[in-house]
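Report on the structure given below.
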Amino acid sequence: MISTDLWPRLADLVDRALERPAEERLGFLEAECADEPELFREARAMIELDSAQLETLAPPVFGLETPRQIGPYEVLSVIGRGGMATVFRATRRDGEDPRIVAIKLLHRGFEDHEVRRRFEREGQILARFRHPHIAALYGSGTLDDGRPYLVMEAIEGEPIDRHCRRHHLRLGQVLRLFQHVCRAVAYAHRNLVVHRDLKPSNILITEDGEPKLVDFGISKLLDADSRSPLTVTRQGWQMMTPQYASPEQIRGEPATTSCDVYGLGVVLYQLLVGRRPFDGSAERLLQRILDEPPPRPSKAEPTRFDGRRLAGDLDNIVLAALEKDPKHRYGSVEQLDTDLEHHLTDRPVLARPAAWSYRLAKLVRRQRRLLLVAALAASLVLVTAWERERTHRDLQRQRDQALAVQDFLVEVFDQADPRLGHDGSLEVRDILEQGIERVESLGDQPQLQASFSQVLGRVYLNLGFFDRARPLLERALAAHREHHGEDSLEVAATRDLLGQLLDAVGEHDLAIDHLEHALERRRRETPRDDIALAAVLNNLALARKHQGSQEQAETLARENLALRRQVWGRDHLEVAVGVNNLAYVLMGDPHTEAAELEALFAEGLELRRQHLGESHPDVAVSLNNLGSLLLVEGDYESARHFLEQALDIWRRFLGEHHRDVLACRLNLITLEHRAGDLATARARYESLLPQIVEHLGEDSPITAAARSLEAHLGAPSPVPATAEPPASRARRSPPSDP
């Protein structure tokens, strides 16, 4: 049995060994324990068992076979084994969800143990989270033998410290990456969860550079019973990693968010210096954590970065996070994040005394041009600095005023957007025309003119006035290319809008060219904007459908829906767009069952009614599409019920000649013909066709569908009004947490 003195070092040594490939572990242990045979023997034994808990809590598990399946999932391989559970890489056998997932399965022998309670609590905690930098929980279940399992996001990544070293990240890049970690931890705190075991191996960085916070197995609910504090025994060490534990954790006091502030301080110290502030044998380690002040990062020898770059703000930020007394630490992770942001933008930090000389130095750094003035005469430095600061405030005020004008115009124009529940009256068109006149007067402000053109183009697009939207969007695209470059996000956003417009008027190949460029740029964005990415996926899937590329359209539509569910959860309004448009893409596919389509359309309808009420234009979209499907299936009575509801809503909001109203009326004429009432169908068609041609033009897809019906009053496919949600629509309801 290992001595208590060696246990903290052993726990850390085993952690680091298990992070390495199996064939490298023995050599790593031999190098680390060259003069300590007892430590080597214990570490080797634990690596072979891959658990520090099996000795007292459970029988050996490494002779067990890997299961072929867990619930509906097929096991592909073993990711890792621990003392209480094994994690498998798996995928669904039924093909319903193509994602590769990680399944954490509790070992036999723990069914009635305290470990099971911790395991199940981890699932309850993860189920509360929806954050791009926290590994997501997809579901859970229980095997026939009573063992629970968790289905989680599969993270292919490496610990944050190794990632920073391997990619030779610069200091600013390291701090920006660490800020994302802080925001994930702050999100957990807002959801009343303390992680309690923050360390590099629990912060994984994916191949695209995104951090993922993992392993909430010993996390604590802040509203849970805290009357069982940890104690520093061998079993206590299993519940935390001592090198990253706060003094109050070492003392066995109840966990608070301040414990995670301290843990983040240790991780930041390690990223800046290359090692932890405290190490050593058990007795020495505990004494240092409880009593010794940590050495300043800038004074450590050697450091990963030049000590002169760490001196000052970064020294103070790290030491404020590592204060022994929680009352003297940062009051929240948000404060730590804010101080890092202030350091990166040359602003005063909370962790530094607010002396006038310090604040003045920050001001000068932000206004580097003032150094030229200082070279002329030292007596002019302060005067010029304050003058430049005043000028800066004036320019900032002017910029804020311009943004306020733009926000006002957006708000006015949104009154014309039927998807927000407003009508499309002539008075609104007059407002838009006045907006165009305003845009024309901004020739001396080309970037502002481009922004206004894009806003106007978006609103005209949503109203269905494509002839007015197109020149505005094309002008905005040309201006953004000139001022920001082809690879900019401004160009990507405008190409997305223009692609939707071109798809709506039947120029599918050109639309796809714009949308594919926008998608490629969105995929490379760091940090990734999942909301904007979902919008482009959605629009490209529709364009591919209209072009006739069914397989590509379906792939994009399924990715769009999966991403929306990941970002917003299953019951959000934005998920209705993904559900509805996946069903739309699958319509006409001979391999898709009608029952699946009906279920998808019905799910989208229910979500929209839940969030928007019974009488909203987006609810009409779902009603129309469900009615169109039932018409194809021959259920004419039900189809009429849904189509007439959609037409009534659209007429009230959009007027008589909007493209969605005309499309729905064409569907009802098709229904009359298929139901055998040929005379009624012909009479209504003769009244409708001139209106379609007048208001949509001969090149509209709806006009083409009407001409197909005209030939013999046959039965073309109904016309869903689902080429609907532009990027602006998809972005209108961002998630509650950034």
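The values are calculated or read from the model by the stated rules, or taken from the named source; none is laboratory data. All values reported here derive from a predicted model rather than from experimental measurement. All Cβ positions, even for glycine, are placed from backbone atoms using ideal geometry, and neighbour counts span all protein chains on display. What goes into the accessible areas is simple: the full protein's heavy atoms, side chains included, and nothing from ligands, DNA or RNA. Shrake-Rupley method; radii C 1.70, N 1.55, O 1.52, S 1.80 Å.
Figures for the structure shown
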| item | result |
| --- | --- |
| Cα convex hull of the range 148-204, projected area averaged across orientations, nm² | 5.1 nm² |
| Mean Cβ neighbour count within 10 Å, used as a protection proxy, ranking 532-539, 73-80 highest first | 532-539, 73-80 |
| Virtual paramagnetic centre 7 Å along Cα→Cβ of ARG170, amide N under 12 Å, in the range 258-293 | none |
| Kirkwood Rh, Cα atoms: Rg over Rh of the range 519-611 | 0.98 |
| Ordering of 623-635, 605-617, 568-580 by packing [mean C-beta count within 10 Å, highest first] | 623-635, 568-580, 605-617 |
| Rounded accessible area per residue of the range 553-710, 1.4 Å, Å² | 40 Å² |
| Integer Hz, Karplus 6.51/-1.76/1.60 couplings in order for the range 699-705, x for Gly and Pro | 8, 6, x, 5, 4, 4, 5 |
